[in-house]
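Readers should treat all values here as calculations from the given coordinates under stated rules, not as data from a laboratory. On a predicted model such as this, the values are computed, not experimentally measured, just so you know. Cβ sites come from the backbone with ideal geometry, for glycine too, and all protein chains shown count toward neighbours.
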Amino acid sequence: MNPSLLIIVAMVLMVAEIFVPSFGILGVIGLLGFVVGFYELLQTLDPTEREAVLYMVVPSFLLLLGILGAIGAVLYKSRRTLFKKSELAPVGEVAEASDDFNGREGMVRIDGALWSAELTDDKSVKRGDKLLVLARNGLKLTVQNVHKI
């Protein structure tokens, strides 16, 4: 296979990784194709051209690898932080009703996250009312009107 064509196909695979949920498979195959393509390309050059290409390609490749590694580390850290935060029970926090409750059940918002909630009493809850979180059972909160406390 033509080394230039292999490099182009590898770059297309790495770009496709952004848009297709392939769990990294396209990116890894693209990276391997990129390395093999440049190795094959270097074999077709004379030694002086090979040295010039290496001085351009290796630093560029290392810079790209560093940037992608930094982006990956930031995304991994933010994902872990979000996961830990969502695991914390918001018991004792004040929630805001995101809409009018339908009977005793409705949705509340805490720190930008929507939660399903159940009211402890039969009072009506309107959008924007403040509610105290008393307990959490899975993804459902037990809440009480703040003014009743």
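Among the lysines in the chain, how many pairs, 8 or more places apart or on different chains, have alpha carbons under 22 Å apart?
11
In the chain, once you exclude exposed trypsin sites (Lys or Arg not before Pro) (DSSP loop, at most 12 other Cβ within 10 angstrom), what's the longest stretch remaining?
Details: sites that count: 126, 127.
No qualifying site falls inside 1-125, the longest such stretch.
Which value, in debye to the nearest 20, gives the size of the charge dipole of the chain about its Cα centre, when Lys and Arg are +1 and Asp and Glu are -1 at the Cβ? Walk me through the intermediate numbers first.
Details: 15 positive and 16 negative charges, 134 e Å.
Computed charge dipole of the chain: roughly 640 debye.
Taking the 0 to 90 degree range and rounding to the nearest ten, how far is the long axis of helix 25-43 tilted relative to the main principal axis of the chain, both from C-alpha atoms?
That helix lies at roughly 20 degrees to the long axis.
So if each residue of separation counts as 0.36 nm, and I subtract the Cα-Cα distance between residue 120 and residue 5, what length gain in nm does that give? Working shown, then result.
On the way: separation 115, 0.36 × 115 = 41.40 nm, distance 6.67 nm.
Extra length from residue 120 to residue 5 when fully extended: 34.7 nm.
Assuming a viscosity of 1.306 mPa s and a temperature of 10 °C, what translational diffusion coefficient in µm² per second does Stokes-Einstein assign to segment 1-139, Rh being the Kirkwood radius over Cα pairs? Please report the intermediate quantities before stating the final value.
Values: Rh = 19.8 Å.
Value of D from the Cα-based Kirkwood radius: 80 µm²/s.
First measure r as the distance between the Cβ atoms of residue 44 and residue 20, then evaluate 1/(1 + (r/R0)^6) with R0 = 22 Å and state the FRET efficiency to the nearest 0.05. Write out the running numbers ahead of the final one.
On the way: r = 32 Å, r/R0 = 1.44.
According to the calculation, E is roughly 0.10.
Return one number: the angle in degrees, 0 to 90 and rounded to the nearest 10, between the long axis of the Cα atoms of helix 47-87 and the longest principal axis of the Cα atoms of the chain.
Taking Cα atoms only, the helix is inclined about 10 degrees.
So between residue 52 and residue 98, what do we pick up on full extension, going 0.36 nm a residue minus the alpha carbon distance?
Between residue 52 and residue 98, full extension yields 10.3 nm more.
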